[in-house]
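Q: Handing you a structure now.
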Amino acid sequence: MEKKEIKIINRLIKKKISRMKKSIPKIVDPMKFGIHSKTHFKAQEFKELTLLRIIDISESAFVLYKKKKIIPALLLTRASIETLSIFYYMYNEVDKVIKAEKINNNFITKLDRLLLGNKFDRSEENSFDPINIMDCIRILDTVAKGTNKQYDFLSEFCHPNEFGLLNGYSTMNKEKIYSELDITHLEGKFPHYFGIKILLICLEIYNKFYNNTDKMIKKLSILTKEEK
């Protein structure tokens, strides 16, 4: 990938993040969104929260790429894929409910798990297991081929091993037999190019489904009118 292409990708990412910021609602107001049930509210809330998260993470990753801090940027790119995948999981569940024309308890529980699930607080008030992120990655991979492999590659940089430590911060000088250490070592190399391109693709896919979600949630609201 040439420097010219990197500049184009940088420009596209900056433009996409700027446009996404304009879509952020300051509040999720039941009156404004025509929300009349807890299920409808939770779906709308989750939708907007993922928008905030992917903007926050992607913008931070973008800044780190430009500052040549490639390892931290790759970790945040991986987190962007996770946010996209969990959002698509919800999108897919809403789509199934709409096609079935019926809200079921399984769907309601999944919304609770998306919003309240965690592995730390196991009190009686919060007993929801989180949705397994790898399940979400695999589901996203059915519509965005390659997601699983891209996620696995980025995951290697999360750990202090060959990719995330040795190859991430050093170059072996085989002639003089010593290791050159550099925190910006990966700048301009394959992981840099790979990561920033994946970040752009992640934002493009998220926008595609996010823009369709309003119509879906409006249909969901019809199914929840009788809910108390």
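Here, each number is a calculation from the coordinates, and none is a lab measurement. The shown structure was predicted, so the numbers you read here are calculated from the model rather than taken from an experiment. Note: ideal-geometry Cβ built from the backbone for every residue, glycine included; neighbour counts use all protein chains shown.
Q: Among the chymotrypsin sites (Phe, Trp or Tyr not before Pro) within segment 44-144, which fall in a DSSP loop and have no more than 12 other Cβ atoms within 10 Å of their own Cβ?
A: In loop regions of segment 44-144 (DSSP not H, G, I, E or B), the sparsely surrounded chymotrypsin sites (Phe, Trp or Tyr not before Pro) are Phe120.
Q: Another one. Is there a quick way to get the dipole size of the chain? I mean about its Cα centre, with the Cβ of Lys and Arg at +1 and of Asp and Glu at -1; what is the value in debye to the nearest 20?
A: Rounded to the nearest 20 debye, it is 1060 debye.
Q: Could you list Cys136, Cys202, Cys158 so that the one with the fewest beta carbons within 10 Å of its beta carbon is first and the one with the most is last?
A: If I rank by nearby Cβ atoms, fewest first, I get Cys158, Cys136, Cys202.
Q: Where the convex hull is taken over the Cα atoms of segment 62-101, what is its projected area averaged over directions, in nm²?
A: 2.8
Q: Given Cβ point charges of +1 (Lys, Arg) and -1 (Asp, Glu) and nothing else, what value in debye, to the nearest 20, does the dipole of segment 138-201 about its Cα centre take?
A: My answer is approximately 260 debye.
Q: Here's something else I'd like to know. What's the center-to-center distance, using Cα atoms, between segment 5-30 and segment 152-228 in Å?
A: When both Cα centres are located, 17 Å separates them.
Q: While we're here: What does the charge dipole of segment 57-119 about its Cα centre add up to, to the nearest 20 debye, if the Cβ of each Lys and Arg holds +1 and the Cβ of each Asp and Glu holds -1?
A: The dipole magnitude comes to about 360 debye.
Q: Could you give the semi-axes, largest first, of the ellipsoid that matches segment 85-161, computed as the square roots of 5 times the alpha carbon gyration tensor eigenvalues and rounded to whole Å?
A: For segment 85-161, the ellipsoid semi-axes come out as 26, 21, 6 Å.
Q: Rg to Rh ratio, segment 117-201, alpha-carbon atoms and Kirkwood radius?
A: Using Cα coordinates only, the ratio equals 1.16.
Q: Also, I was wondering about something else. Find which of Tyr169, Ser179, Ile131 sits farthest along the positive direction of the dipole of segment 97-187, computed with +1 on the beta-carbon of Lys and Arg, -1 on that of Asp and Glu, about the Cα centre.
A: Going by the charge dipole, the pick is Ile131.
Q: Of Ser155, Ser221, how do they rank once you tally other Cβ atoms within 10 Å and put the fewest first?
A: Ser155, Ser221
Q: Give, as a single signed number, the net charge of other residues whose beta carbon lies under 12 Å from the beta carbon of Cys158, with Lys and Arg counted +1 and Asp and Glu -1.
A: Summing Lys and Arg as +1 and Asp and Glu as -1 gives -2.
Q: Indicate the gyration tensor shape class of the chain (rounded, prolate or oblate), computed on the Cα atoms with a ≥ b ≥ c the square roots of the eigenvalues: a/c under 1.5 is rounded; otherwise a/b larger than b/c is prolate and the rest oblate.
A: Here the chain falls in the prolate category.
Q: So, by mean Cβ neighbours within 10 angstrom, what's the order for 92-99, 68-75, 15-22 with the highest one leading?
A: 68-75, 92-99, 15-22
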